[in-house]
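The structure under discussion appears below in the form of structure tokens.
Values in this text are rule-based calculations from the coordinates and carry no lab data. Here the structure is a predicted model, which is why all the values come from computation and not from measurement. Heads up, the Cβs are rebuilt from the backbone with ideal geometry, glycines too, and the neighbour counts pull from every protein chain shown.
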Amino acid sequence: MSGNSSYILVIVIGVILLAGLTYMNLRKISRSTADLTQLKKRTLLWSEVSLALFVVQLFFRDRNGGFLLFFGILTLFTGAHYVGVLYHSRKKNR
């Protein structure tokens with residue numbers, strides 16, 4: 001494999017693993033009876049941190065976009081967790 005195709009393969013495998021982890025976590029949250037307030041605050045904080053790192057990397061990147069892609073995937077991962085926790089906390093409060 002050439003360097004570029006192995007790089008893409010690693011990214012695809014990483015995204016698949018993070019999607020699986022997100023799915024497993026959200027399934028556990030949906031069955032949980034605990035209060036989700038602290039988890040909601042924590043996931044919002046990490047979503048904000050990853051978004052800030054993404055924006056900083058967007059403005060100060062050099063030719064290689066590897067870190068930009070990493071922080072973009074991290075932002076999507078943490079954002080999906082926050083939206084999932086927010087959805088389940090609102091669903092439980094009805």
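Viscosity 1.306 mPa s, temperature 10 °C: what is the translational diffusion coefficient of the chain from Stokes-Einstein with a Kirkwood Rh over Cα pairs, rounded to a whole number of µm²/s? In µm²/s, the coefficient rounds to 108.
With contacts taken as Cα pairs under 8 Å at a separation of at least 6 residues, the chain carries a relative contact order of 39 percent.
Taking 15 Å as the straight-line reach from the Cα of residue 92, the aspartates and glutamates in range (excluding those fewer than 8 positions away in the same chain) are 35.
Among 17-29, 38-50, the peptide with the highest mean count of other Cβ atoms within 10 Å heads the list, and the full ranking is 38-50, 17-29.
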